[in-house]
Structure formats: C-alpha cells, structure tokens
Amino acid sequence: MPTPDFIVELRRHVGQSLLWLPGVAAVVLRPHPVSGADEVLLVRRADTGSWTVVTGILDPGEEPAVGAVREVLEETCVVVRADRLVWAHSTPEIEFVNGDRSTFLSLCFRCSWVSGDPRPGDDESSDAGWFRLEALPKMAESQLRRIELAVANAPEAVFAR
C-alpha cells in the first residue's frame, strides 16, 4: 500500500500540513553470479517512473533495520540482510500530487542479498531488477549518493555536522 494507514489517519487531523516522517532506504548489493562484480537492486516507481533504491516509511515503533528489510521484501520479493547504516539525513520538503507535504528523516542502509529474484511485490513499483554499478539507469543525485556511500562501505555513517 503506498500510504500507510497511520499516515492516512494523521492526515485526517492535519490535512496537507507538513509531516516529519521516519524513512528508510535500502541499498541492496550482491555479486554478479558470473563476473562477481557488485550489482545493486533497483525499483522503478509506479508513480513517477523513476529508478530508485528501495525506500519506505517506518511503521510506528518499528526498528529501522527491520523496516528496511521489510520494505525490500514487500517491494521486490527479495530477502535481504541489513548490514549497516551508511547515511542519516533529512530530505527536502516533498509535495505530492495530492498536495500532501512531507519531509523525511532518511536512514540509508547497506544491505546484502540473501535470496529471491526481483519483481514488483506491490503496486508501488512497476519493475525491479539488478543493475551493474557501471550501467545504472538515469537516477536522481540523492539515489546515486546512497549507492555511492553503500558501495564505499566506510566504517562510519555519514551525517551533516
């Protein structure tokens, strides 16, 4: 479901006012079965047609790494393991087509593929697949930054100071 029930309920009270929401991004990596080179799992958003890493909103009280793993399974039918946090940041304000406004605390995780072949698992995505790092589709800079940080796998997470 694109909008979680708890947000629909909040919107009944606050209308289209700006909401601050906790979100996750999952950069799922695996070695290519033949070449061994890293590949990244991407989804094509059904609403915009954009290619992105898997993103989603945390449920109330949900642990962030658990939420990242859940979102990947729901959106791509792929089982992953969340390995580490690579980036914590806030997004610019987003105004959706219906006029709702949100900004997100985005927690980006480097994840490892465990099993499954990607396919759209819900109506949020129209496509899902593995992409070689040197052959990524056109993507927003923020998506490329998420991938860059996950691939770099630095010992510490990045955050604004």
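Structure notes:
- Between the beta carbons of ALA157 and THR103, assuming R0 = 22 Å, the FRET efficiency works out to 0.65 to the nearest 0.05.
- Evaluating 6.51 cos²θ - 1.76 cosθ + 1.60 at θ = phi - 60° for every residue in region 77-84, the Karplus couplings come out as 6, 10, 8, 10, 10, 7, 8, 6 Hz, glycine and proline recorded as x.
- Cut-off under 5 Å, modelled amide H: who pairs with GLY121 long-range: THR76, CYS77
- Spin-label pair SER50-VAL8: with each label point 7 Å from Cα along the Cα-Cβ axis, the two points sit 2.4 nm from one another.
- Using θ = phi - 60° and Karplus 6.51 cos²θ - 1.76 cosθ + 1.60, couplings along region 57-71 (whole Hz; Gly, Pro as x): 9, 6, 6, x, x, 6, 5, x, 5, 5, x, 4, 5, 4, 4
- Of the peptides 78-86, 117-125, 53-61, the order by per-residue mean of other Cβ atoms within 10 Å, starting with the highest, comes out as 78-86, 53-61, 117-125.
- Evaluating 6.51 cos²θ - 1.76 cosθ + 1.60 at θ = phi - 60° for every residue in region 91-102, the Karplus couplings come out as 8, x, 4, 10, 10, 7, 4, 7, x, 5, 10, 8 Hz, glycine and proline recorded as x.
- When the Cα positions of VAL114, ALA26, VAL151 are compared along the charge dipole of region 20-152, VAL151 comes out farthest toward the positive end, with charges on each C-beta of Lys, Arg, Asp and Glu.
- Calculated on the Cα set of the chain, radius of gyration then Dmax: 15.4, 53 Å.
- Dividing the helix sum by the residues of the chain, where each DSSP H run of 4 or more adds -39500 (n - 2.57), gives a mean residue ellipticity at 222 nm of -6500 deg cm²/dmol.
- Here the peptides 104-114, 136-146, 12-22, 37-47 are ranked by packing, the mean other Cβ count within 10 Å, and the order with the highest first is 104-114, 37-47, 136-146, 12-22.
- Sequence-distant residues sharing a close amide H with LEU21 (under 5 Å, placed H): THR103, PHE104, LEU105
- Relative to the Cα centre, the charge distribution of region 20-152, modelled as +1 at Lys and Arg Cβ and -1 at Asp and Glu Cβ, gives a dipole magnitude of about 460 debye.
Rule-based calculations on the coordinates, nothing more; no lab input. Since the model is a prediction, treat every value here as computed from it, not as a measurement. Virtual Cβ from ideal backbone geometry, glycine too; neighbours counted across all protein chains shown.
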